[in-house]
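Nothing in this text is a laboratory measurement; each read-out follows from the coordinates by a stated rule. This is a predicted model, so every value here is computed, not measured. Methodologically, a virtual Cβ is constructed for each residue, glycine included, from the backbone with ideal geometry; neighbour enumeration extends over all protein chains shown.
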Amino acid sequence: MGYVVPLEEASTEVVIKKSRFIAYAKGIVSREAGMLWLAEVKKQYPDARHHCWAYMIGDPKCALNAGMGDDGEPSGTAGKPILHVLHHKEVGNIMVIVIRYFGGIKLGAGGLTRAYSQAAQEVMAVLVTEQQVAMVKIGLSCDFSLEQQVRYWIEYLGGLVLEVDYTQQVAMKVSVPLKEQLTLTSQLRAGQCDFKIL
């Protein structure tokens, strides 16, 4: 089972009642990475009134790691509608930042909610995504004579060799798509390789 993630950064701009809303979307893999990116964006737009944001880490269908910030806007009028758009679009490992330049006309709570939602929807509409595949890590050891065959199976199944250590045997840490775990472990058993799911 997989989900989509951002392939590259995207940005859009919309003007609503003279206020400029500049929206950015980018892939992130941790809250820390998101907060670093937010700090960079704030440096790019130091004179903006608000830098509101939301993120979702992991599978969007069960994202346990989500966050949002209103950055001075009335509570629930900025970060929450951005996060709602992320949930609706079902994109994981993503952060959206919406920068607002106040245009002199107050939008009210409902107007702000709609404006931040629209800005987030527009950047999500131009965002290029790719399929994220759930992976599993496996530690294994095999005889030197089986190394090429094991590497073939890992590559054939869409996996990667993460680490290799040559001692009395070949020890590898590999990552394979979760759906291919049983296939690989069956091949490892047949070749009399020792393995452990990490």
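Structure notes:
- Rounded to the nearest 20, the Cβ-based charge dipole of the chain about its Cα centre (Lys and Arg +1, Asp and Glu -1) stands at 900 debye.
- For the chain, the alpha-carbon coordinates run over 73, 29, 25 Å along the three principal axes, in decreasing order.
- Helical mean residue ellipticity (222 nm; -39500 (n - 2.57) per DSSP H run of 4+; nearest 500) of the chain: -10000 deg cm²/dmol
- Cα-centred dipole magnitude for the stretch 134-197, charges only on beta-carbon of K, R (+1) and D, E (-1), debye, nearest 20: 220
- Scanning the chain for cysteines with no neighbouring cysteine C-beta under 4.7 angstrom from their C-beta gives CYS52, CYS62.
- Among ARG189, ARG31, the order by Cβ neighbours within 10 angstrom, fewest to most, reads ARG189, ARG31.
- Positive-end residue of GLN121, TYR55, ALA33, charge dipole of the stretch 22-131 with Cβ unit charges: GLN121
- Close amide-amide hydrogen proximity is noted between VAL4 and GLY92, GLN132, each under 5 Å apart and 5 or more residues distant or on a separate chain (H modeled in the peptide plane; Pro and chain starts excluded).
- Selection from VAL14, GLY103, LEU160, by position along the positive dipole direction of the chain (Cβ): GLY103
- Translational D in µm²/s for the stretch 134-197 (Stokes-Einstein at 20 °C, 1.002 mPa s, Kirkwood Rh from C-alpha pairs): 190
- Farthest toward the positive end of the dipole of the stretch 134-197, out of LEU182, GLY139, GLN169, is the Cα of LEU182, where the dipole comes from beta carbon charges about the Cα centre.
- Within the stretch 83-126, trypsin sites (Lys or Arg not before Pro) in DSSP loop having at most 15 other beta-carbon neighbours inside 10 Å: LYS106
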